[in-house]
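Inspection log for the structure reproduced underneath, given as structure tokens.
Nothing in this text is a laboratory measurement; each read-out follows from the coordinates by a stated rule. Worth saying up front: this structure is predicted, and the values here are computed from it rather than measured. Heads up, the Cβs are rebuilt from the backbone with ideal geometry, glycines too, and the neighbour counts pull from every protein chain shown.
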Amino acid sequence: MTDLSVRADNGVDQHRLLVTELPGPRSRELMARKVAAVAAGVGTTMPVFAARAGGGVVVDVDGNHLIDLGSGIAVTTVGSSAPRVVEAVQRQVAAFTHTCFMVTPYDGYVAVAEALNRLTPGDHEKRTALFNSGAEAVENAVKIARVATGRDAVVVFDHAYHGRTNLTMAMTAKSMPYKHGFGPFAPEVYRAPVSYPFRDHKELDGQLAAARAIEIIEKQVGAANLAAVVIEPIQGEGGFIEPAPGFLPALVEWCRSNGVVFVADEVQTGFARTGDMFACDHEGVVPDLIVTAKGIAGGLPLSAVTGRVELMDAPHVGGLGGTYGGNPLACAAALAAIETIEADGLIERARQVERLMKDRLQRLQADDDRIGDVRGRGAMLAVELVVSGTTNPDPDLTKTLATKAHQAGVIVLTCGTHGNVLRFLPPLAIGDDLLHEALDVLAEILASTR
Ligand code: PLZ
């Protein structure tokens with residue numbers, strides 16, 4: 001029995017409740033206005049408009065309460081109305097909204113830089129620069145690596161996702177919908193094979209997968225031309241692909257001995273999401289530069305590049321920046337989000353979410369050979385769906401399951417190069433009962449599609 005007395009701090013009842021069909025009449029009306037006013041290229045996962053959100057629930061404009069297993073794509077890790085974030089932003093908005101850090105700086109920016117220098121992997125001397133979006137931070141990491149090394153080339157991986165700007169489109173692997181028709185793309189971006197345990201030969205362990213990538217890099221790019229290797233420690237949009245143990249450490253070692261900057265794109269994996277503060281921590285990987293965004297600021301737009309002082313200080317004064325980068329509201333939110341992660345033990349909470357969800361997903365898998373793989377870490381988990389008795393991707397089933405989950409009031413997202421991965425990214429403010437209920441819904445839907 002769900003405890004209806006449980007409420008998020010902003011009063012949102014923590015239970016699933018459907019008072020209309022989904023989408024309800026108000027959402028339909030708003031969707032008609034959206035179609036008439038918003039560019040068609042900006043799609044939506046669900047045709048349901050949000051009114052409030054908190055804890056593990058999004059309330060729509062018709063009063064339906066949806067269980068949130070998406071966190072607005074891994075952003076609201078501390079919750080979508082985390083009390084410390086709300087309070088800090090309210091205090092800051094009353095003080096001032098913007099001066100531009102490049103004009104008259106303010107302490108919030110410096111404090112976020114100090115926090116990132118302290119929290120990111122490695123105890124070397126670091127510096128940080130702040131930006132607005134994940135893509136913008138990835139671009140800046142490449143700028144920094146290029147100026148520091150005097151080299152041009154950048155290596156990324158199969159299934160990678162790094163953003164939608166011109167350079168990051170070149171770095172992103174998947175054509176549709178991210179790149180199709182939007183070229184020409186930035187030059188000097190090369191792609192290497194990643195480690196994908198579910199689809200690689202069983203003998204291809206992390207070391208061998210790294211050796212395969214390194215051989216291609218050496219032959220097709222040449223270490224002497226290579227500024228940076230950029231990789232998501234667990235790939236996000238590409239399918240929640242967790243490389244075999246040893247893959248990332250071997251790549252780092254090769255980068256170190258060849259003067260290549262190793263850049264971890266932790267935009268999706270960062271800030272307690274994977275059961276470590278950063279996914280790199282899992283294997284003790286120390287990136288030269290780390291790119292963060294999403295979970296950093298409880299929903300306000302902020303991103304960062306943090307790294308070795310000698311790399312970060314390579315660009316000339318005035319070479320890095322932007323009008324809004326490190327906006328005071330976003331910095332206040334980030335400091336409050338970081339405090340929430342540390343004070344509320346959210347890293348441990350992510351590990352609890354993993355234990356609860358993985359156990360149930362693995363039990364579903366034991367009875368259903370369409371679940372080819374259950375994977376991920378912390379509150380970044382996924383199932384890869386395949387045609388029964390094969391490893392062939394089943395994007396149609398994935399789409400059907402997602403749509404049925406949405407209609408039942410559970411927000412889930414899909415991902416993967418083949419669109420056959422159902423991913424789960426609950427906010428860490430969600431309760432166990434809601435996780436169980438969402439998994440009950442998933443189990444029913446799986447049974448109904450057999
Ligand atoms: N790097 C690893 O996951 C953003 C994209 C959703 P921005 N992922 C969600 C979509 O369809 O646009 C992402 C990421 C990784 C970079 C980015 C880009 O971050 O803040 O969206 O620019």
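Which trypsin sites (Lys or Arg not before Pro) in the stretch 87-171 sit in a loop by DSSP (not H, G, I, E or B) and have at most 15 other Cβ atoms within 10 Å of their own Cβ? Present the calculation step by step, with values, prior to reporting the outcome.
On the way: sites: Arg91, Arg118, Lys126, Arg127, Lys143, Arg146, Arg151, Arg164; in loops: Arg151, Arg164.
Loop-located and lightly packed - Arg164.
Rounded, prolate or oblate: which one fits the stretch 276-360, using the alpha carbon gyration tensor with axes a ≥ b ≥ c (rounded when a/c is under 1.5, else prolate when a/b beats b/c, else oblate)? Present the calculation step by step, with values, prior to reporting the outcome.
Values: a/c = 2.96, a/b = 1.58, b/c = 1.87.
Oblate.
How do 282-293, 166-177 rank on mean C-beta neighbours within 10 Å, highest first?
For the peptides 282-293, 166-177, the packing ranking is 282-293, 166-177.
State whether the stretch 121-259 is rounded, prolate or oblate according to the following rule on the C-alpha gyration tensor (a ≥ b ≥ c being the square roots of its eigenvalues): a/c under 1.5 gives rounded; otherwise a/b larger than b/c gives prolate, and the remaining case gives oblate. Walk me through the numbers on the way to the answer.
Numbers: a/c = 1.43, a/b = 1.13, b/c = 1.27.
Rounded is the answer for the stretch 121-259, as its axis ratio a/c remains below 1.5.
Normalised by the number of residues in the stretch 84-343, what is the relative contact order in percent for Cα pairs under 8 Å and 6+ residues apart? Don't skip to the end; give the middle numbers.
Details: 520 pairs, mean separation 82.1, N = 260.
Reported as a whole number, the value is 32 percent.
Using only helices, what value at 222 nm comes out for the chain when you add -39,500 (n - 2.57) per DSSP H run of length 4 or more and divide by the total residues, to the nearest 500 deg cm²/dmol? It would help to have the intermediate numbers written out before the result.
Details: 13 runs with 162 residues, N = 450.
Helices in the chain give a 222 nm mean residue ellipticity of -11500 deg cm²/dmol.
Need one word for the stretch 84-343: rounded, prolate or oblate. Basis is the Cα gyration tensor (sqrt eigenvalues a ≥ b ≥ c); a/c below 1.5 gives rounded, then a/b vs b/c decides.
prolate
Determine the alpha carbon to alpha carbon distance for each of Lys202/Lys358; Lys174/Lys358; Lys358/Lys399 and list only those over 24 Å.
Values: Lys202/Lys358 22 Å; Lys174/Lys358 28 Å; Lys358/Lys399 21 Å.
Long pairs (Cα-Cα over 24 Å): Lys174/Lys358.
Over 29 Å between Cα atoms: which of Lys34/Lys404; Lys219/Lys294; Lys143/Lys179 fall into that group?
In this structure, Lys219/Lys294 lie more than 29 Å apart at Cα.
Mind listing which chymotrypsin sites (Phe, Trp or Tyr not before Pro) in the stretch 120-208 are in a DSSP loop and have 11 or fewer other Cβ atoms within 10 Å? Please report the intermediate quantities before stating the final value.
On the way: sites: Phe131, Phe157, Tyr161, Tyr178, Phe182, Phe185, Tyr190, Phe198; in loops: Tyr161, Tyr178, Phe182, Phe185, Phe198.
The qualifying sites: there are none.
Work the Kirkwood hydrodynamic radius out for the chain: mean of 1/r over every pair of different alpha-carbon atoms, inverted, in Å.
Values: mean 1/r = 0.0444 Å⁻¹.
Here the Kirkwood hydrodynamic radius works out to 22.5 Å.
Would you calculate the separation in nanometres between label points at Asp107 and Asp396, each defined as 7 Å from the Cα along the Cα-to-beta-carbon direction?
In this crude spin-label approximation the distance works out to 6.2 nm.
Find the centroid of the Cα atoms in the stretch 293-349 and in the stretch 99-178, then give the distance between the two in whole Å.
Cα centres, the stretch 293-349 to the stretch 99-178: 10 Å.
Which of the chymotrypsin sites (Phe, Trp or Tyr not before Pro) across the stretch 69-121 are loop residues per DSSP, with 11 or fewer other Cβ within 10 Å? It would help to have the intermediate numbers written out before the result.
Numbers: sites: Phe96, Phe101, Tyr106, Tyr109; in loops: Phe96, Phe101, Tyr106.
Here the chymotrypsin sites (Phe, Trp or Tyr not before Pro) that fit, given the DSSP loop and packing criteria, are Phe96.
How much of the DSSP bridge set in the stretch 84-343 is antiparallel, in percent, rounded to the nearest 5?
Numbers: 11 of 25 bridges.
If we restrict to bridges inside the stretch 84-343, about 45 percent are antiparallel.
What fraction of the DSSP beta bridges in the chain is antiparallel, stated in percent and rounded to the nearest 5?
Details: 34 of 50 bridges.
Taking every DSSP beta bridge within the chain, about 70 percent pair in antiparallel fashion.
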